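Written out below as structure tokens is the structure these notes cover.
FYI, it's all coordinate maths here, none of it is from the lab. In this text, all values refer to a predicted model and were calculated from it rather than measured experimentally. A quick note on method: Cβ atoms are made from the backbone with ideal geometry, for glycine too, and the neighbour counts reach across all protein chains shown.
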Amino acid sequence: MSTDSDGKFGAYGGQYVPEALMPAIEELRDAYERYVLENEDGFMDEFRERLADFGGRPTPLQHAEQLSERYDTAVYLKREDLLHGGAHKLNNALGQVLLAKYMGKERIIAETGAGQHGTATAMAAAHLDMPCEIFMGSTDITRQRPNVFRMRLNGAEVNPVTTGRGTLKEAISETMRDWATNVEDTHYVIGSIVGPDPFPRMVRDFQSVIGREAREQIKAKTGRLPDSVVACAGGGSNTMGAFHEFVDSADPSSADKSSGQHPRDRVDLIAVEAGGSSLDVDEKAGVAPNSATLSTGEEGVLHGARTKLLQDSDGQIMESHSVSAGLDYSGVGPELAHLVDSGRVDAVNVDDEAALEAFHRLSRLEGIIPALESAHAFGYLEENPEEVGDVTVVNLSGRGDKDLETVVEETEKRDLDVDVDMSVFREAER
Amino acid sequence: MSDAVDAVFESGEPAFIPYLVAGDPDYEASIEYVEAIERGGADVIELGLPFSEPIAEGSTIQDAIVRSLEAGMTPEQYFDFVEDLDVDVPLVCMTYYNLIYQYGPDQGPRAFVERAAAAGIAGLVVPDLPAEEADPLRAACDEFGLDLIFIVAPTTKGERLERMMEHVSGYVYVQARLGTTGARDDVSDQTDESLARLAEWSVPKAVGFGIKTGDHAERIVSAGADGIIVGSALVDIVADGADSDDPTEAVADRLEAKARELKDGALAGAGLAAAESVE
Ligand SMILES: Cc1ncc(COP(=O)(O)O)c(C=O)c1O
């Protein structure tokens, strides 16, 4: 399944963690290799069965008729929003909680930004009867309230993290501290393809079901591979999940010229980051008002891995910003950083406004309310329809129920012409 | 590697190794504080260079790092700070790998280590750099004559411990308990277990994480430690001083007294009399 068995992706990756965690990481690497890569004790069979029965896989690949017409290209949506919990996050959370169970761990911890990973982990932990604690930045608790309710309802403790800006970066640091304290009986379910090896490749493997299904589905529907796959990127788990099966694909069938169907020799992979409010950086304040790590970041070491980071010239990590909590992170997965450097993945970005507009557009045109994270991918499509070829798959990584209040507020604040009149609430109160 | 550090452990006395964050709560006061803990009996001083994501640190030192960064501390200023200090004991720089990696025009640890050596730093402790990733830094430390001090955790056992022991220089930092830094009210059983596991190696063992009082220091030295490392219990004094806006000298006096309590505890643990009472 993996070709990166040393845990490095080019110069990126590695295991930059406190010594106290190293034995647990070695244990995890061993468990990953046995259960996930070798299917020992039928682990992968049980995982797939639970993903189907509990999670609702496979998710559909839907032809988006209105968008296809608007952009004059065949747009297909990989509907991860229909996975249980409302985002791709369950693919990974269920895999890791099940793995923790196989490893004999007794307690689950996880960080969360948008609350989707926390929710997925809480659901998986309840489903598999494991106690669970989630660390969430205080800013994110306020802007993703519905997910806090869901985690609590599933029986998880939610611990607010108040350091720094109180977003994903601080939540990860705090979860690592808990892990370093309770490492003997606790598994840390990292929520993206970040952290020390084996997390980046393990999370990717759990998420790669997205691209595996999409590849079969698009072939069944169109008889060919897509020209491009588009996905938003925070840490990059939905991104690599969607891309992994296509990274090596020069479409074997495209060598067969008689089919004449596939004009490109490879599938373009487009990672859409959060451009936030601006790509400029305020070094003095230590703030990058964006989360465009792949496009603007520099190599460094954070949260267990060498990767691209938003940092100042001294190496202090900068506070990122995005209207979308799930993309609001100063780092990115090492594998994605490597694929961008090597030219296999294009890193692009879309700002807060374009993402908000895309959120409204998808809601109106297709009847699908996307997560603000996923909306970034559609913002890219609106701005660059000519870049995606004749057939494109957009990973709709999650649904937007968690974002409703934020979106209404942020839309009003900006006076966007997509603004939706919500005065009905006031009328009803009269 | 560093003769100064070796000399400390060859003296036969247990080493008292206090930690402060450089620049906490500001540059000038911090200079006074570091000099005060030397007067209080420090044998080696671990001086933190603050990093924005200190994942091994509990809340006490996290807060100190925020104070120092807000007062403007940078790696460049840190080296000035070290050069401005009037202390004779060896200084060990404790920081996170990204700051070491980014320093200088090219990425990689060499420029940082070269500058640290020039400033008179004797060794480095890097809590987010396990032995697996340490080769480039170790090479730079060898080149410039610095000790690279490794942390032995309660979970470091068996083959892993043996591999680590092959590369030790200076002393090993024996992490007294799982978790993050922070002063505690008890001495963990994990400390005794770790010291027992390390007994067969002759390398000096300095125990840190959670030590708060002279009694703790005594207990740990009598259990076989060659030194004690104390951070949060001292940083707490700096924090209190900053919170109540106390004059720098008053805080420095408190730090000196606390340092002496810890040093005397360590001496007592080795069956030695406290320094002042040896007339
Ligand atoms: C719906 C959705 N998409 C994307 C992301 C970003 O994470 P990643 O880049 O790991 O896919 C999140 C994170 O919370 C999310 O909830």
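Just how many pairs of Lys in chain B have C-alpha atoms closer than 16 Å, counting pairs that are eight or more places apart or on different chains? The result is 4. Springs join every pair of Cα atoms under 10 Å in this Gaussian network model of chain B, and among B:Gln107, B:Gln175, B:Gln62 the largest mean-square fluctuation is at B:Gln107. For A:Glu65 and A:Glu27, the FRET efficiency from 1/(1 + (r/R0)^6), where r spans their Cβ atoms and R0 equals 35 Å, is about 0.10.
Of all alpha-carbon pairs in the range A:282-321, indicate the percentage at a distance above 12 angstrom. The proportion of pairs with Cα distances above 12 Å equals 53 percent.
Every Cα-Cα pair in the range B:199-257 was counted, and those over 16 Å apart are 52% of them. Distance from the Cα centroid of the range A:57-99 to that of the range B:215-239 is 55 Å (rounded to whole angstrom). Near A:Ile172, once Lys and Arg are set to +1 and Asp and Glu to -1 for all other residues with Cβ below 9 Å from its Cβ, the sum equals -3.
Value of Rg to Rh for the range B:3-274, rounded to two decimals, is 0.93; Kirkwood radius and Rg both from alpha-carbon coordinates.
Can you return the lysines within cross-link range of A:Lys402? Criterion is Cα-Cα under 30 Å, with same-chain partners fewer than 8 residues away left out. Within the straight-line cut-off, A:Lys402 pairs with A:Lys78, A:Lys89, A:Lys101, A:Lys169, A:Lys308, A:Lys413. Only the Cβ atoms of Lys and Arg (+1) and of Asp and Glu (-1) were treated as charged; on that basis the dipole of the range A:322-413 about its Cα centre amounts to roughly 300 debye.
For the pair A:Leu404 and A:Arg212, the difference between a 0.36 nm per residue extended length and the Cα-Cα distance amounts to 66.0 nm. Across peptide A:163-170, the mean count of Cβ atoms from other chains lying within 10 Å of each residue's own Cβ comes to 2. Per residue of peptide B:131-137, the mean number of Cβ atoms on other chains within 10 Å of the residue Cβ is 3. Annotation note: chymotrypsin sites (Phe, Trp or Tyr not before Pro) in the range B:112-207 located in DSSP loop regions with a Cβ neighbour count of at most 11 within 10 Å are absent.
Among the residues of B:48-58, the average count of other protein chain beta-carbon atoms within 10 Å of the residue beta-carbon is 6. The length gained on full extension between B:Asp84 and B:Ala199, counted as 0.36 nm times the residue separation minus their Cα-Cα distance, comes to 37.5 nm. Packing-based ranking of A:204-216, A:85-97 yields A:85-97, A:204-216, ordered from highest to lowest mean Cβ neighbour count within 10 Å.
Between B:Lys157 and B:Arg39, the contour length at 0.36 nm per residue exceeds the Cα-Cα span by 38.8 nm. Taking the square roots of 5 times each eigenvalue of the Cα gyration tensor of the protein assembly as shown, largest first, gives ellipsoid semi-axes of 49, 26, 23 Å.
When the GluC sites (Glu not before Pro) in the range A:283-334 are filtered for DSSP coil states and for at most 14 other beta-carbon atoms within 10 Å of their beta-carbon, the remaining sites are A:Glu283.
List residues of the range A:88-114, by number, whose backbone nitrogen lies under 19 Å from a label position 7 Å along Cα→C-beta of A:Glu40. Label zone hits: A:95-106.
With charges set only on the Cβ (+1 for Lys and Arg, -1 for Asp and Glu), what does the dipole of the range B:1-51 come to about its Cα centre, in debye to the nearest 20?
100
With Cα atoms defining each centre, the range A:106-148 and the range A:200-237 are spaced 25 Å apart in the structure. For the range A:373-388 versus the range B:100-175, the inter-centroid distance based on Cα atoms is 46 Å.
When each of the peptides B:17-24, B:189-196 is scored by the mean number of other C-beta atoms lying within 10 Å of its residues, the order from highest to lowest reads B:17-24, B:189-196.
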